[in-house]
Amino acid sequence: MKFLLAGISAKYIHTCLAVYSLAGYAREQYGIDCRTAEFTINQSEDLILSELYRQAPDLLGFSCYIWNYAMIRRLVRSLKKVLPGTRILLGGPEVSFDAPRALLESGADFVLSGEGEEAFSRLCLALRDGKPLDGVPSLTWTDNGAPRTNPAAPPLDLGKLPFPYDDLGRYQNRILYYEAQRGCPFNCQYCLSSADKGVRFQPLPKVRAELRRFLDAKVPQVKFVDRTFNANPRFAMEIWRFLAENDNGVTNFHFEIESACFTEEQFRLLESVRPGLFQFEIGVQSANPDTLRAVDRRAGLEELRSAAERLRAGRNIHLHLDLIAGLPFEGYESFRRSFNFVYSLGPDQLQLGFLKLLKGSGLRRDAAQYGILYRDEPPYEVLSTRELTFGELLTLKEIEEQVELYHNSGRFRASLRYLLSLAEEPFGFFEELARLR
């Protein structure tokens, strides 16, 4: 049988880690030959459809996210017409939290929920060998005309995860994603990681060996997809020390971190690394205590300020701080205060994002309680809340454009410093820029 996994990324520069991980695991653990194909949402559906048609797999799997799910559903409908003998599988966060509904609304043959490596391999074996599907973990399928969901697969031994990239030379000028751990110790209600309990880690010797491959190939950037990379300070310290000691002078490593998890030993190490070696992203989300409590975000703001000051002191760590507009209890004036607080921390990039009510998240479940209205279709972005009108959100989007253009681009640093010294506050300055646009 011919197996194919397709990833459809938001931009060409991104790589789809999921399809490489599932295909590599199937090959290494079970000897299954599974091909991969990558596309972007910016390509025409006709092109993607024609490429998949030419490959004519027996089983075609898609990795489904908020940015590609609408396109995938359209592709599935067309593929079922032009490749009636191909069975179609959907996996990923967009289908994992209501698999029976996803199966029915998409017209696919199968849905895999949650962690996919072992489940996908077992599905391939069952189809190849003509075995019953009720032995495939985490699978939702149609049995006697009705959706049926099998018990979930046990958590995977991360020591069995394959190195996802077979030839690093194929990925010139692209971001490569890497996973050293799964899960998150926190319970933020806007995030899908709140649905997973506990954190699992790959063995450190394996991680070092795989990072060595990136370093030897001198790839430009590696982004760790770990939700809170420094959740285990010792594990994070070992990896940061390894990367500092083996720095190739080229590769940049990006981590999502929690400010409360830093140790003094880590700060001392980070002070000494090459400028450009590390890039840290911290999800602040809000400076409103009521908002932080509502979304179960426990970070202390003064602790965050202290960590940001330590990281900025060496002028060698690129610092990226995030805010989310549309959270509970955060009106326009409250968001103004949150913005000014985060801007005062001096981030290299300030990402002003907008709440997305993701399937499986606590805020989607409690949206009515907080008066949150959101789009019915992906990416399920907030339209208004009890505290924030649609018009105010539109203004924040205009402010976001100005922040991206003048601050995050890094092209106007001297001018911004001067102009902001004359302004009453950063938010008001960008607000006025938005009005003049």
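When Glu238 is tested against (1) more than 17 Å from the chain's Cα centre (by Cα); (2) modelled with pLDDT under 95; (3) at negative phi; (4) not polar (S, T, N, Q), just one condition goes unmet, and that condition is (2).
I need a count of the residues in the stretch 277-305 that are outside any loop (DSSP other than H, G, I, E, B), of a type outside the set (Phe, Trp, Tyr) and open to solvent by less than 50 Å² (accessible area, probe 1.4 Å).
Within the stretch 277-305, residues that are outside any loop (DSSP other than H, G, I, E, B), of a type outside the set (Phe, Trp, Tyr) and open to solvent by less than 50 Å² (accessible area, probe 1.4 Å) number 11.
Is the stretch 306-314 home to any residue that is surrounded by 15 or more Cβ atoms within 10 Å (Cβ to Cβ), at positive phi and touching a Ser or Thr at 6+ places or on another chain (Cβ under 8 Å)? No: the stretch 306-314 contains no residue that is surrounded by 15 or more Cβ atoms within 10 Å (Cβ to Cβ), at positive phi and touching a Ser or Thr at 6+ places or on another chain (Cβ under 8 Å).
Go through the stretch 261-276 residue by residue and tally those that are outside any loop (DSSP other than H, G, I, E, B) and more than 21 Å from the chain's Cα centre (by Cα). Even if it seems obvious, please write down each step before you answer.
Step one: filter the stretch 261-276 for residues outside any loop (DSSP other than H, G, I, E, B), giving 261, 264-271.
Remaining after also requiring more than 21 Å from the chain's Cα centre (by Cα): 264-271.
Looking only at that region, the number is 8.
Restricting attention to the stretch 401-416, does a residue exist that is in contact with an Asp or Glu (Cβ under 6 Å, 6 or more places away or on another chain) and closer than 21 Å to Gln351 by Cβ? No, the stretch 401-416 contains no residue that is in contact with an Asp or Glu (Cβ under 6 Å, 6 or more places away or on another chain) and closer than 21 Å to Gln351 by Cβ.
For the stretch 104-120, filtered to residues that are among the aliphatic types (A, V, I, L, M) and more than 20 Å from Ala153 (Cα to Cα), the residue that is least open to solvent (accessible area, probe 1.4 Å) is Ala108.
Checking Leu383, Leu393, Leu350 one by one, the residue that is at pLDDT 95 or above, in contact with a Gly (Cβ under 9 Å, 6 or more places away or on another chain), in a strand (DSSP E or B) and of a type outside the set (Gly, Ala, Ser) is Leu383 and no other.
Taking the numbered list (1) within 23 Å of the chain's Cα centre (by Cα); (2) farther than 29 Å from Leu436 by Cα; (3) buried (at least 17 other Cβ atoms within 10 Å of the Cβ) in turn, Ile324 passes all entries but (2). Checking Gly91, Gly61 one by one, the residue that is closer than 23 Å to Thr149 by Cβ and in contact with a Cys (Cβ under 7 Å, 6 or more places away or on another chain) is Gly91 and no other. In the stretch 356-379, the condition of being open to solvent by 70 Å² or more (accessible area, probe 1.4 Å), under 25 Å from Ile317 (Cβ atoms) and within 27 Å of the chain's Cα centre (by Cα) is met by no residue. Listed here are the strands (runs of 3 or more DSSP E) enclosed by the stretch 1-103 that have at least 1 residues being exposed (fewer than 14 other Cβ atoms within 10 Å of the Cβ): 34-40.
Considering only residues of the stretch 405-427 that are outside any loop (DSSP other than H, G, I, E, B), touching a residue at least 24 places away in the same chain (Cβ under 8 Å) and not hydrophobic (A, V, I, L, M, F, W, C), which is most open to solvent (accessible area, probe 1.4 Å)? Please lay out each step first, then the result.
Restricting attention to the stretch 405-427, the residues satisfying the condition of being outside any loop (DSSP other than H, G, I, E, B) are 405-408, 413-422, 426-427.
Those left that are additionally touching a residue at least 24 places away in the same chain (Cβ under 8 Å): 406-408, 426-427.
Cutting the leftovers down to not hydrophobic (A, V, I, L, M, F, W, C) gives us 406-408, 426.
Numbers: Tyr406: 69, His407: 29, Asn408: 19, Pro426: 32 Å².
Looking at the filtered set, the residue picked out is Tyr406.
The values are calculated or read from the model by the stated rules, or taken from the named source; none is laboratory data. Please read these numbers as outputs of a predicted model, since none were measured by experiment. Cβ: placed from backbone, ideal geometry, glycine included. Neighbour counts: every protein chain shown. Keep in mind that these areas ignore ligands, DNA and RNA; they rest on the heavy atoms of the full protein, side chains included. Shrake-Rupley method; radii C 1.70, N 1.55, O 1.52, S 1.80 Å.
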